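Peer 1: Have a look at this one.
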Amino acid sequence: MHVIVCGAGINGVSCALWLARKGVQVTLVDRAGPASGTSYGNAGILAAGSVIPVTVPGLLKKAPGMLMDSTSPLFMRWRYLPRLAPFLRKYMAHANIEHVRRYARAMTSLLSDSVAQHQALAKGTAAEPFISFEDYCFAYQTRAAFDADHWAWSIRQENGLPHEVVSGTEFATQDPLYTDIFDTVVQNKNHGRISDPGEYIKTLCDEFQSLGGEFKIATITGLRMQGTKLTALQTSDGDISGDKFAFTLGPWAGDISRKLGLNVPFESEGGYHIELINPSDMPNNPVMVASGKFVVTPMRGRLRLAGIVDFSGLDGPDNQSALDLLERNITELFPSLTYDRIDRWHGFRPTTANSLPLIGQIKKHPNAFVGFGHQHVGLTGGAKTGRILSAIVTQQPTEIDTSPFDPNAYA
Ligand SMILES: Cc1cc2nc3c(=O)[nH]c(=O)nc-3n(C[C@H](O)[C@H](O)[C@H](O)COP(=O)(O)OP(=O)(O)OC[C@H]3O[C@@H](n4cnc5c(N)ncnc54)[C@H](O)[C@@H]3O)c2cc1C
């Protein structure tokens, strides 16, 4: 059996590596190289407890004000609104507590053992040192802000996701760079961090190749079918044929999904990071600053600040106001920090209207499989998604019930 895995982000590389470990012949195809998409620039958090979607109750009321507020992390390209509107209607329809609970249950099954899943993926490879087990801290500037999120912490608790609440003062004894900044900090237990997501995934891809896997640079432009059977990819480098095809194209999955007969309400949520290179000081913990919804992550030789939700489409330009906001946020947080320079990145999160990813076999084209749509938590869930996909492709049992992620719901 020859399997073609399309897209070398965390989902594709994990799938390819697990397949190669099973002795399957695999070709991994990407237009630009491993971790050249969203998996490069994320905040690096293995956020096992991030099981609350963006579409929380009350969002519809709050969103217009947020779009007008220059300190809010929500952006939109107004000229994109006509194209965005059909998706937005469906997306906003999920901003209710029943859906949040359903989503949290499903995502807990995918995310809760994320550190162990990444450790299993990287075991015995040069990628292991990139993974660390540590608390992921949600930091609130006021007690009232923490209290307003109480309902979300209860849902995490109901799903068995452990956390501990400490005062800002106590937190500062563990992480002095955060002295006198926060009132309340929630330390999410059983979480982790990848110290350099891009290098981590490239190293996993090296491991895949060392097991005999083939890596090919090519842009996928179409599919060749014989009846319902997919026979080859049409690419910038000619046709690539195989027996089975797994599509892990992240935010660029929309076009191929349509070709596979899936009608998925699907959008990209633009996101950004800035990196302070060689900072004069470094915090110890990865922290989500709740007021601005941005994450500050210590990384190898640099401090990364990631966040922003920018509904501007995959071809949207870099939003300078969003990048400026991240820069203002870091200056306010650490006014005395110095560094060599700032690097900036603009990426895209793959998001469905119900925020659930699609993982599984396409009934109408049984030799086609998909794994995409992990929005804000794809690094966290990618190791397990790739492993599950490799099991489905090789007709083995999966670790979890994948019905909440069934792509055929969109057929
Ligand atoms: C600012 C920001 C912060 C984030 N922080 C976190 C975090 O802390 N923790 C977390 O878990 N998640 C986080 N995420 C989300 C996470 O990064 C994504 O969900 C995840 O990387 C998606 O992985 P993927 O493999 O599905 O897609 P990608 O990594 O985007 O991979 C898709 C690949 O497909 C390739 N491709 C696309 N089209 C074609 C084509 N036509 N031909 C060939 N190749 C093609 C691309 O080159 C790309 O390499 C964050 C995202 C952003 C934007």
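The numbers here are math on the coordinates, done by the rules we state, and not lab data. Quantities reported herein were computed from a predicted structural model and do not represent experimental measurements. FYI the Cβ positions are ideal-geometry reconstructions off the backbone, even for glycines, and counts take in every protein chain you see.
Peer 1: Could you compute the net charge surrounding Q119? Neighbours are other residues with a C-beta less than 15 Å from the C-beta of Q119; K and R count +1, D and E count -1.
Peer 2: Residues near Q119 contribute 0 overall.
Peer 1: Please list, in order along the stretch 33-50, the HN-Hα scalar couplings obtained from phi with the Karplus expression 6.51 cos²θ - 1.76 cosθ + 1.60 (θ = phi - 60°), rounded to whole Hz, x for Gly and Pro.
Peer 2: These are the phi-based 3J(HN,Hα) values: x, x, 6, 8, x, 4, 5, 6, x, 5, 7, x, 8, 8, 9, 4, x, 7 Hz.
Peer 1: How charged is the neighbourhood of V56? Take every other residue with its Cβ under 14 Å from the Cβ of V56, and add Lys/Arg as +1 and Asp/Glu as -1.
Peer 2: Details: positive: K61, K62, R101, R102, R156, K293; negative: E98, D149.
Within the 14 Å Cβ shell, the charges total +4.
Peer 1: Using just the helices of the chain, give the 222 nm mean residue ellipticity in deg cm²/dmol: DSSP H runs with n ≥ 4 each add -39,500 (n - 2.57), and the total is spread over all residues, rounded to 500.
Peer 2: -9500 deg cm²/dmol
Peer 1: Can you list the HN-Hα couplings for the stretch 372-379, worked out from phi with the Karplus curve (6.51, -1.76, 1.60; θ = phi - 60°), rounded to whole Hz and with x for Gly and Pro?
Peer 2: Working through the residues one at a time gives 7, x, 8, 5, 7, 10, x, 5 Hz.
Peer 1: Related question: By the scheme Lys and Arg +1, Asp and Glu -1, what is the net charge of all other residues having a beta-carbon under 11 Å from that of D340?
Peer 2: Combined, the nearby Lys, Arg, Asp and Glu give 0.
Peer 1: Report, by chain and number, residues whose modeled amide H sits under 5 Å from the one on G192, excluding near sequence neighbours (fewer than 5 apart, same chain).
Peer 2: Residues meeting the criterion, in which the H sits 1.01 Å from N, are L46, A48, E134.
Peer 1: Next question. Can you work out the FRET efficiency for the pair D239 and T398, with r the C-beta to C-beta distance and R0 = 25 Å, to the nearest 0.05?
Peer 2: Calculated value: 0.25.
Peer 1: Turning to a different aspect of this structure: For L230, which sequence-distant residues (separation of 5 or more, or a different chain) have an amide H within less than 5 Å of its own amide H, given hydrogens modelled in the peptide plane?
Peer 2: Result for L230 returns N367.
Peer 1: I want to verify a result. In a Gaussian network model of the chain, Cα cutoff 10 Å, which of these has the top mean-square fluctuation: L379, L161, L67?
Peer 2: Fluctuation is largest for L67.
Peer 1: Here is a follow-up. Would any residue of the stretch 63-99 have its amide N under 19 Å from a label point 7 Å out along Cα→Cβ of W151? List them or say none.
Peer 2: Zone members listed by number: 63-66, 91-99.
Peer 1: Explain nothing, just compute: Karplus ³J(HN,Hα) = 6.51 cos²θ - 1.76 cosθ + 1.60, θ = phi - 60°, for every residue of the stretch 248-260 in order, whole Hz, x for Gly and Pro.
Peer 2: Using θ = phi - 60°, the values come out as 10, 9, x, x, 9, 7, x, 5, 5, 4, 4, 5, 8 Hz.
Peer 1: Now, a different point. Non-local amide H neighbours of C6 (under 5 Å, H modeled in plane, Pro and chain starts lacking H): which ones?
Peer 2: Counting only residues 5 or more places away or on other chains, the set is V29, A246, F247, T248.
Peer 1: Between the helical axis of 197-210 and the dominant principal axis of the chain, each derived from Cα atoms, what acute angle in degrees is found, rounded to the nearest 10?
Peer 2: Orientation of helix 197-210: about 30 degrees from the principal axis.
Peer 1: With each pseudo-label sitting 7 Å past Cα toward Cβ, what's the D183-R83 distance in nm, one decimal?
Peer 2: Placing both labels 7 Å along Cα→Cβ, they lie 4.2 nm apart.
Peer 1: Report, in listed order, any pair from K22/K123; K202/K293; K202/K363; K259/K384; K62/K189; K123/K189 with a Cα-Cα distance greater than 24 Å.
Peer 2: Result: K202/K293; K202/K363; K259/K384; K62/K189 exceed 24 Å.
Peer 1: Does anyone have the angle between helix 10-21 and the longest principal axis of the chain? Alpha-carbon axes, 0 to 90°, nearest 10?
Peer 2: The answer is roughly 50 degrees.
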